[in-house]
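Single-structure report; data block below.
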Amino acid sequence: MKISSNKLQSGAVLIGLSGRLDMQGVMEFDQEFQDIVQKNNAIIVDLTHVEFLASMGLRSLILAAKSVHARSGQIILLNPTPMVAQVLQASGTDTLIMVVQDKADAERLVMA
Amino acid sequence: MMPTEPVAAKIESVTLLPELAELVRLSAWVDDIGKRLEMSMSRLYAVQLCLEELVANVVLHGRKFHEAKFSIYVELSPSNGGLEVHVDDSGWPFDPTAAMQPPRAHSLDDAPVGGLGLVLVRRFAHSITYRRDGDWNRVTLLFAD
């Protein structure tokens with residue numbers, strides 16, 4: 001499980017996750033992830049390289065979204081693979097956190 | 001030329017300790033079998049997901065108060081193009097088919113944190129059955145096209 005973050009020109013922060021968002025993966029990245037989330041109000045979480053998402057990963061994403069939402073910020077999930085998108089849909093998470101496929105769209109929406 | 005033998009529908013099994021670290025071993029084991037059986041990507045994902053959720057549940061909640069040790073037995077058995085998956089454990093009695101489904105949240109504010117594991121199992125397996133057999137919980141999942 002790897003995590004990276006960088007500030008985009010618009011001011012939004014792009015968090016890139018890669019690997020498996022399962023129990024083991026979440027234990028490895030969650031602390032750093034929630035720390036970055038705490039410090040930013042416009043967040044794009046790039047899921048392009050997340051090959052597996054299970055309920056512990058959903059828990060982590062929902063926790064982050066609740067925290068950003070409580071500060072009136074925005075969080076958007078970017079470009080999940082078809083199977084990861086299916087997990088987001090089956091769990092109803094895609095009705096709580098916006099999911100978009102295109103980075104430019106994500107940046108525009110997160111800054112709106 | 002050697003005649004091609006049909007691939008036998010072999011039953012595969014693994015016994016796990018009730019520890020979170022075992023989830024990594026489980027996932028590698030399933031991956032290996034999936035590749036050997038030439039499972040589709042979506043089938044392999046569904047099996048991985050359901051096993052991760054069920055076994056994590058058992059590891060986190062299955063331990064009996066006075067009994068430190070118990071075991072988890074996972075079996076994969078291909079049948080008629082489908083796959084039958086058994087998860088047996090000798091932990092605290094728990095029927096995942098009777099567990100309450102959390103209500104669907106309409107906003108982030110009322111969204112529960114967690115509790116989505118069994119929701120995913122119900123959606124990704126074609127069927128789930130449970131029986132209590134002596135000291136064992138026996139869960140059977142069916143995956144079919």
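The values are calculated or read from the model by the stated rules, or taken from the named source; none is laboratory data. Model, not experiment: these values are computed from the prediction. So basically every Cβ, Gly included, is an ideal-geometry build from the backbone, and we count neighbours across all protein chains shown. Side chains included, ligands, DNA and RNA excluded: accessible areas come from the protein's heavy atoms. Shrake-Rupley method; radii C 1.70, N 1.55, O 1.52, S 1.80 Å.
Among the residues of the range A:61-72, just one is more than 10 Å from chain B (Cβ to nearest Cβ) and either in contact with a strand residue (DSSP E or B) (Cβ under 6 Å, 6 or more places away or on another chain) or among the basic types (Lys, Arg) (or both), namely A:Arg71.
Among the conditions (1) open to solvent by 70 Å² or more (accessible area, probe 1.4 Å); (2) farther than 18 Å from B:Leu141 by Cα, the only one that B:Phe94 does not satisfy is (2). Within the span defined as the range A:57-64, one or more residues are basic (Lys, Arg) and farther than 19 Å from A:Ala12 by Cβ.
Per the listing A:Leu58, A:Leu88, A:Leu78, the residue uniquely under 10 Å from the mean Cα position of the chain (by Cα), open to solvent by less than 50 Å² (accessible area, probe 1.4 Å), more than 10 Å from chain B (Cβ to nearest Cβ) and at pLDDT 95 or above is A:Leu78. Just give me the residues in the range B:1-34 being at pLDDT below 95 and open to solvent by 90 Å² or more (accessible area, probe 1.4 Å), in sequence order. Answer for the range B:1-34, where residues must be at pLDDT below 95 and open to solvent by 90 Å² or more (accessible area, probe 1.4 Å): B:Met1, B:Met2, B:Pro3, B:Thr4, B:Glu5, B:Pro6, B:Val7, B:Lys10, B:Ile11, B:Leu17, B:Glu19. Among the residues of the range B:52-62, just one is part of a helix (DSSP H, G or I), surrounded by fewer than 23 Cβ atoms within 10 Å (Cβ to Cβ) and more than 10 Å from chain A (Cβ to nearest Cβ), namely B:His61. Only a single item in (1) assigned to a helix (DSSP H, G or I); (2) under 23 Å from A:Leu8 (Cα atoms); (3) touching a helix residue (DSSP H, G or I) at 6+ places or on another chain (Cβ under 7 Å) is not met by A:Leu88, and it is number (2).
What number of residues within the range B:123-134 are within 14 Å of another protein chain (Cβ to nearest Cβ) and surrounded by fewer than 19 Cβ atoms within 10 Å (Cβ to Cβ)? Summing the residues that are within 14 Å of another protein chain (Cβ to nearest Cβ) and surrounded by fewer than 19 Cβ atoms within 10 Å (Cβ to Cβ) in the range B:123-134 gives 2. For the structure I just gave you, tell me whether A:Glu32 is surrounded by fewer than 21 Cβ atoms within 10 Å (Cβ to Cβ) and touching a helix residue (DSSP H, G or I) at 6+ places or on another chain (Cβ under 9 Å). Spelling it out, it is not the case that A:Glu32 is surrounded by fewer than 21 Cβ atoms within 10 Å (Cβ to Cβ) and touching a helix residue (DSSP H, G or I) at 6+ places or on another chain (Cβ under 9 Å).
Would you please list the contacts, defined by Cβ atoms under 6 Å and residues six or more apart or on different chains, that run from a residue in the range B:1-29 that is away from chain A (no Cβ under 11 Å) and farther than 21 Å from B:Gly82 by Cβ to a residue that is at pLDDT 90 or above and in a helix (DSSP H, G or I)? From the range B:1-29, the pairs are B:Leu16/B:Glu22; B:Pro18/B:Val59.
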